[in-house]
Amino acid sequence: MDGFFSRFKKDKISLSALIVLVVLYVAILFATFISPYDKNYSDRSLSYSPPSNIYTITPEGKLSKPYTYNWKRKFNTHTLNVEFREDRSQKYYLNFFSEGFEYKLFGIFKTNIHLFGIENGGKLNLLGCDINGRDNFSRLLYGGRISLTIGFLALLISFPIGLLYGGISGYFGGKTDIILMRISEAIMSIPTFYLLIILAAILPSDMTSAQRFALITVILAFIGWAGFARVVRGMVLSIKNEEYVKAAKSLGASNLRIITKHILPQTSSYVIIAIALSVPGFILAESGLSFLGLGIQQPDASWGNMLKEAQEFANIMYRPWLLTPGFLIFIAVLSYNVIGDTIRDILDPKSKIRT
């Protein structure tokens, strides 16, 4: 294990990817502390307002405590567009560890202390606002809780099933193996995209967005284990002929004990690699479903449904801050893929030879 960590630390790109993921997960863990606004806060007068400009130097050229100006909304009768200009008549200073809306930290005790805030009357939107005047920065933190964690729910279901199913199929072989593999192939042939559309249509309408997508994820996990089980089955076919497996049989160990205690642990390297490479797929699945309106629904936030607002050409051209969720999805998926490839190279040196 020490050799694994020493080799992993030598790969600067993978180490950087790990740091990025740690920062993302710490940010969503402390979302209520970091975000200046509650996830349900909105100010319709700031619809599509641009990011707040933070200044540390006064107009007179002197160094100052960080401050910003409020945006002033105005309708341009010539271009027929809504424009925002800074109202420089009043400065609003940023305060660190300031008081804001009340929340429960880790669900244990109540507090209203936030990492940063702004003076009364000021508006602080680091990444602008959406069409409903909701702070994009705060919603990115709350939305990341769903986008970055919901995939682990599917992994907790699909991987144990795939491990045990593939282990039984490979260990017993013969007719058992043929029947089990035909079942898994039938499951693998189910078109996932169309299944998602059907599920989204038949699920009860009174379900919350989180319950709706969690149920879809659970159902997908029950059909997503088949490919993983096939690979495990192939590994078990070779492992079951090892001397220590034969020794366990001669000592009278049960088949279930041999599979779970002696054979499946030998597939741990592949399991770790598969987990690291599977998480990005679930992140993209959540983002894609929410983008299409089949996953998390407004007003609940996820990176997918936040990105949906940027699909209009005008928003891409004039409101580029709405593309931030897409950038975070790209960074998270890339980081997981980089880490997964590095783990594969360390735990399975033969993969370098094959590629």
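Structure data summary
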read-out	value
Close pairs from the stretch 250-267: first farther than 13 Å from ARG233 by Cβ, partner in a helix (DSSP H, G or I) and open to solvent by less than 50 Å² (accessible area, probe 1.4 Å), Cβ under 7 Å, at least 6 apart	ASN255/TYR171; ILE258/VAL245; ILE258/ALA248; HIS262/VAL245; HIS262/ALA248; GLN266/ILE239
Those residues of the stretch 127-150 which are more than 12 Å from TYR37 (Cβ to Cβ), part of a helix (DSSP H, G or I) and either modelled with pLDDT of 90 or more or open to solvent by 10 Å² or more (accessible area, probe 1.4 Å) (or both), in sequence order	GLY143, GLY144, ARG145, ILE146, ILE150
Residues being hydrophobic (A, V, I, L, M, F, W, C) and in a strand (DSSP E or B) - total across the stretch 111-126	4
Any chance LEU322 is in a helix (DSSP H, G or I), touching a helix residue (DSSP H, G or I) at 6+ places or on another chain (Cβ under 8 Å) and surrounded by fewer than 16 Cβ atoms within 10 Å (Cβ to Cβ)	no
Answer residue from the stretch 151-161, given it is open to solvent by 40 Å² or more (accessible area, probe 1.4 Å) and closer than 20 Å to ILE283 by Cβ and is modelled with the highest pLDDT among those	LEU156
Odd one out for THR267 among (1) more than 22 Å from ILE187 (Cβ to Cβ); (2) of a type outside the set (Gly, Ala, Ser); (3) more than 20 Å from the chain's Cα centre (by Cα)	(1)
Residue in the stretch 218-239 that is charged (D, E, K, R) and over 20 Å from GLN298 (Cα atoms) present	yes
Residue within the stretch 182-194 that is among the aliphatic types (A, V, I, L, M) and at pLDDT below 75 present	no
Helices (runs of 4 or more DSSP H) wholly inside the stretch 1-110 that include at least 1 residues being open to solvent by 70 Å² or more (accessible area, probe 1.4 Å), within 30 Å of ILE150 (Cα to Cα) and in contact with a Lys or Arg (Cβ under 9 Å, 6 or more places away or on another chain)	12-29
Test: residue in the stretch 162-179 that is outside any helix (DSSP H, G or I), of a type in the set (Ser, Thr, Tyr) and either open to solvent by 40 Å² or more (accessible area, probe 1.4 Å) or farther than 24 Å from LEU289 by Cα (or both)	no
Hits in the stretch 270-319 (condition: within 18 Å of the chain's Cα centre (by Cα), open to solvent by less than 70 Å² (accessible area, probe 1.4 Å) and of a type in the set (S, T, N, Q))	SER278, SER287, SER290, GLN297, SER302, ASN305
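This table checks each residue for (1) modelled with pLDDT of 80 or more; (2) in contact with a His (Cβ under 9 Å, 6 or more places away or on another chain).
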residue: ALA210; (1), (2): no, no
residue: ALA229; (1), (2): yes, no
residue: ASN241; (1), (2): yes, no
residue: ALA248; (1), (2): yes, yes
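The values are calculated or read from the model by the stated rules, or taken from the named source; none is laboratory data. Computed from a predicted structure; not experimentally measured. All Cβ positions, even for glycine, are placed from backbone atoms using ideal geometry, and neighbour counts span all protein chains on display. Areas reflect the complete protein model, heavy atoms only, side chains present, ligands, DNA and RNA absent. Shrake-Rupley method; radii C 1.70, N 1.55, O 1.52, S 1.80 Å.
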